[in-house]
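Readers should treat all values here as calculations from the given coordinates under stated rules, not as data from a laboratory. Keep in mind it's a predicted model, so treat the numbers as computed, not measured. Here the Cβ positions follow ideal geometry from the backbone for every residue, glycine too, while neighbour counts run over all protein chains shown.
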Amino acid sequence: MKMSPAIQDLIDALRHLPGVGPKSAQRMTLHLLERDREAAESLGEALLAALSRVQQCQRCRNFTELTICEICGDPKRDDSLLCVVETPADVLAIEHTGSYRGLYFVLMGHLSPLDGIGPKELGLDSLEVLLEQETISEVILATNPTVEGEATGHYIAEMANRNKILVSRIAHGVPLGGELEYIDATTLAHALGGRKVVSPE
């Protein structure tokens with residue numbers, strides 16, 4: 001059955017969301033039109049408002065409605081620590097732990113020359129300025145444990161080293177409660193490579 005152009009456009013738009021295939025997009029579209037037009041209208045208004053008001057923080061590049069985001073503007077944060085992450089979702093994940101009180105720099109991706117994503121696209125020129133001008137004593141690399149993430153982390157580590165700043169990397173390894181037989185080989189290799197000496201009590 002051929003859908004009307006407006007319905008097909010909505011289905012195609014929803015398919016841009018991660019994890020949403022053609023069937024899911026069709027189901028969402030028909031649900032909103034058939035049973036919940038009020039929610040559809042609210043969704044459209046919220047999306048337009050976010051697109052018009054949300055921008056990138058001028059310091060860390062995270063999403064915000066302010067010139068400088070709430071985290072960067074918080075005087076209680078430790079401005080000597082800078083955690084470099086790939087996405088705003090990574091910031092949310094780390095903040096959720098409640099164990100980090102430093103600042104962030106959000107790359108909005110990783111180095112990928114084949115896709116045309118180089119240092120400029122990741123804002124690494126802005127990061128270089130931060131490293132040169134601010135009193136940062138440690139850069140914490142929290143890029144993803146992928147080939148691209150590791151390459152990006154290495155590039156940033158070299159930048160920090162040029163500015164004589166300590167560089168650390170978050171540990172990647174066996175999750176708490178995980179059983180070794182179910183851990184994938186890459187994760188297990190990272191766990192072995194990042195092992196620490198156990199000191200006697």
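So in the range 80-116, with the set limited to residues that are of a type in the set (D, E) and either buried (at least 18 other Cβ atoms within 10 Å of the Cβ) or in contact with a strand residue (DSSP E or B) (Cβ under 6 Å, 6 or more places away or on another chain) (or both), which one is nearest to I156 (Cα to Cα)?
Let us first name the residues in the range 80-116 that are of a type in the set (D, E), namely 86, 90, 95, 115.
Next, only the ones that are either buried (at least 18 other Cβ atoms within 10 Å of the Cβ) or in contact with a strand residue (DSSP E or B) (Cβ under 6 Å, 6 or more places away or on another chain) (or both) stay: 86, 90.
Working: E86: 12, D90: 17 Å.
Result: E86.
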Are there any pairs, at least 6 apart or on different chains, whose C-beta atoms fall under 6 Å, with the first in the range 114-136 and in contact (Cβ under 8 Å) with a residue 60 or more places away in the chain and the second surrounded by 15 or more Cβ atoms within 10 Å (Cβ to Cβ), and if so, which?
G123/R61
Only residues in the range 171-190 that are surrounded by 14 or more Cβ atoms within 10 Å (Cβ to Cβ) count as the first member; pair them with residues that are outside any loop (DSSP other than H, G, I, E, B), Cβ under 6 angstrom, at least 6 apart or cross-chain, and list the lot.
H172/H190; G173/H190; G173/A191; V174/A191
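A quick yes/no check of all residues on (1) in contact with a helix residue (DSSP H, G or I) (Cβ under 6 Å, 6 or more places away or on another chain); (2) in a loop (DSSP other than H, G, I, E, B); (3) in contact (Cβ under 8 Å) with a residue 40 or more places away in the chain; (4) closer than 30 Å to M3 by Cα:
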residue	(1), (2), (3), (4)
A25	yes, no, no, yes
M28	yes, no, no, yes
H31	no, no, no, yes
E45	no, no, no, yes
Q58	no, yes, no, no
L66	no, yes, no, no
D74	no, yes, no, no
D79	no, no, yes, no
D90	no, no, yes, no
Quick one: which residue in T29, T67 is surrounded by fewer than 16 Cβ atoms within 10 Å (Cβ to Cβ) and among the hydroxyl-bearing types (S, T, Y)?
T67
Just give me the residues in the range 32-64 being closer than 30 Å to F105 by Cα, surrounded by 10 or more Cβ atoms within 10 Å (Cβ to Cβ) and aliphatic (A, V, I, L, M), in sequence order.
L43, A46, L47, L48, A49, A50, V54
